[in-house]
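Asker: One structure is given below, represented as structure tokens, and several questions about it will come after.
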Amino acid sequence: MPSTWWRGKIVHNGTAYDRPCHETEFARTPTERCTRRVAEVPVTERQLVLARVVEEGPGVHREDRLREAARFFGWARLGADIRDALTGDIDALIAAGDLIVSEGGLMPAEGS
């Protein structure tokens, strides 16, 4: 039986609820039966994808990273809602020290 040490202790993180101190390890891609609007994708999943696309291709400009993350989630174009959410996620990753902005574009922070 799985541990339930966190029972009754749920935290609110953006538009999602989770266990305290839980680290998101993967993001879900759309399936034939389940597609999600940007507001339905937890911030932690979007930020994980953005951080990984920067790690895989450091030094690429923000706009290209926005498009790549949108494609991961199955969004064919960057509408205002998607652009705003992903831009806010990148800004949060920069503020947290997980990404840095260089002359060449976005880079993972040292040690990330």
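No value in this document is a laboratory result; all are computed from the given coordinates. Predicted model, so just to flag it, every value in this text is computed and none were measured. Glycine gets a Cβ as well: all are built from the backbone with ideal geometry, and neighbour counts include every protein chain shown.
Asker: Taking amide H positions as placed in the peptide plane 1.01 Å from N, state which residues far from F73 in sequence (5 or more) or on other chains have amide H under 5 Å from it.
Answerer: Hits under the 5 Å cutoff: none.
Asker: Where does the charge balance sit around L86 when Lys and Arg score +1, Asp and Glu -1, over other residues with C-beta under 11 Å from its C-beta?
Answerer: Details: positive: R46, R62, R65, R67, R83; negative: E63, E68, D81, D84, D89, D91.
The answer is -1.
Asker: Quick one: which residues, 5 or more positions from L99 or on another chain, have an amide H under 5 Å from its amide H? H modelled 1.01 Å from N in the peptide plane, none for Pro or chain starts.
Answerer: I94, A109
Asker: Any chance you could get the radius of gyration and Dmax over the Cα atoms of the stretch 57-112, in Å?
Answerer: 11.4, 33
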